[in-house]
Every structure is written in structure tokens, then in C-alpha cells.
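Step one of this worksheet: look at the structure below.
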Amino acid sequence: MSVFRSTRFDDNSTLAEIRDDPDTGTRKLQRESDPKAVAAVQNALYDLHWAQRFPQENHYPSRLRFVDGDFGPVTAASALALKTRYNIRFPPDDPRGVLDGFVGPRTLDRIDRQISHRDDMRVVIISKAGALQDADAPVRLFDEGEEPPPLTPWLGTGPYLYWWTNWDDPTGTVTGLIVAGAADDVFEVHGPILQTWWQAQGAGGPFGPATSDVEPDGSGGFRSTFVNGSISVDPSATVTVKLGPVAYQPPGDDAVFA
């Protein structure tokens, strides 16, 4: 018997039926689906930042507005974005199959795996935040119920967790993040290094996930490494980018390439 990885979906018979369906196309979340099942998936999509890719009325949807148990157009668009990112088509063996906004067995499995990892990594991130706070870094984690200010619409472009922090900024502007790496580890990225990485679409862009904190580079500046390169900033605030085989030109005139 199959089981969910995430406890969020336990004891929901509708989701269990979808999970156990051999992808016949008959079991899926769609319009008029069970509100409790829809709300559980909406919560997961929101926490994975798929909903925030679709601003409504010039602002990102709040959890209260998005998680309503109604499988409406924004929910369908969020599911479609995830399915497009991971090429989840129907029929499953047809490379030219349809990309749609339903949540069937493979889509639910992808959400289940990612939200389980996200929830597990939250514990690691809280521990990392505590260590930074012990070192007098001005870090504040946003509570589960808070609506952190959006940084960019590129959330959800990879299976990596972003947890919002405030870094030495009383105005509430996000200037630092604690992010999950490619493995079960987390790193802090802030300042010009964060801005450059995030302009390149973060972990979903050419640099890939972080592999280090922002650390002194030995010459008065700072440096972070990523799966596909590094970003450094010198004492004059000049940013230097190093990438592997991927060619990337970030916007602006303040980047030097080495």
C-alpha cells in the first residue's frame, strides 16, 4: 500500500485515491473537487512558492486568498507551472502529451516529495538561523502565518527551499536569505551576492544552488560558491562572477567577469 511522504496529506481519501491511481486520467483534482483535498494541495503549492508566480491585482496572492478549497484559475495556473517545469504530460508515455492544470497522480507525487523535503528542511533552516543569531547576525525568520515580502517571481524554479529572512534591515526589505542547497544543507546569502544570484533566477538559473555561506575571500571582500560557479564582491562593492560552461550576463553595469 502506498503512503504519502508528507503528513499534510494523511487521512484524505480523495488524495489517496489520486495517489493510488495508475495514471488513468480519471482521478485528479479539478473544478468541483473535494474542498479539503484542494485546500491541502493549495497550501503545499503556496509553501513551495508556485502560487506566488501569478500576481493578482498587482500583488502576490496571500495565503488566505489562495487557499480557499476552490480549484480555480490561479490554482490551475500554479499546477500547470509546476507540470511545465517538470514536463508532466498526459498520457505519461507520450512526449507530445498534454500539459494541463489538473493535479493527477504524478503531479501529486511531485508536490508530496517537494513539500516533505521543504518541511524537513525548515527544521535545519531554523537551526541555521539560531546559530546566526547567536553570532549576533540580525536574522529573523518569518512565521508560518506571516506573509513575507516578495523578492522576485522566480520562486519555484527548482526543487530548492527558500526561507525568507530579514538581514540588518528594519524596513522589512528582504536583503538576505537562508537557502537550501542541492543536498540536505543550508546556506545564508545576502547583500550584492544575493542580488546578483537572484537576478539570475537563483537556484533555478545558471549558477544553481548555493554551496557555501557568504564568507571572507581573504582580500577584504566576500564570496559565495554555487554548484556552477561563484560570486564575489570586493571592498569597493564591485561584483565578480565566475561560471563554468554556462555563459551569463546579468543586468546592470556593475558586474565584472573573470
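The single residue among Gly229, Gly208 that is within 15 Å of the chain's Cα centre (by Cα) and within 24 Å of His49 (Cβ to Cβ) turns out to be Gly208.
Do we have Val41 as of a type outside the set (Lys, Arg) and within 23 Å of Gly202 (Cβ to Cβ) here? Taking the combined requirement at face value, the residue does not satisfy it.
May I ask you to verify whether Gln42 is modelled with pLDDT of 95 or more and in contact with a Gly (Cβ under 8 Å, 6 or more places away or on another chain)? So Gln42 fits the description; yes.
Quick check on my filter: what residues within the range 189-205 are among the β-branched types (Val, Ile, Thr) and either within 20 Å of His49 (Cα to Cα) or over 18 Å from the mean Cα position of the chain (by Cα) (or both)? Residues satisfying the conditions are Val189, Ile193. Pairs meeting the criteria (first residue in the range 109-133 and under 17 Å from Ala79 (Cα atoms), second residue among the β-branched types (Val, Ile, Thr), beta carbons under 7 Å, at least 6 apart or on different chains) are Arg110/Ile88; Ile111/Val41. In the range 78-127, which residue that is of a type in the set (S, T, N, Q) and in a helix (DSSP H, G or I) is surrounded by the most Cβ atoms within 10 Å (Cβ to Cβ)? Selected residue: Ser78. Annotation note: of Asp23, Asp112, the sole residue that is of a type in the set (Asp, Glu) and closer than 29 Å to Asp184 by Cα is Asp112. Of everything in the range 180-198 that is in a helix (DSSP H, G or I) and of a type in the set (A, V, I, L, M, F, W, C), the residue that is surrounded by the most Cβ atoms within 10 Å (Cβ to Cβ) is Trp197. Tell me which residues, restricted to the range 199-210, are buried (at least 21 other Cβ atoms within 10 Å of the Cβ) and assigned to a helix (DSSP H, G or I). Gly202, Ala203, listed by residue number.
Of everything listed in (1) surrounded by 13 or more Cβ atoms within 10 Å (Cβ to Cβ); (2) closer than 19 Å to Asp70 by Cβ, the single unmet condition for Glu32 is (1).
The values are calculated or read from the model by the stated rules, or taken from the named source; none is laboratory data. Since this is a predicted model, take the numbers as computed values, not measurements. Cβ: placed from backbone, ideal geometry, glycine included. Neighbour counts: every protein chain shown.
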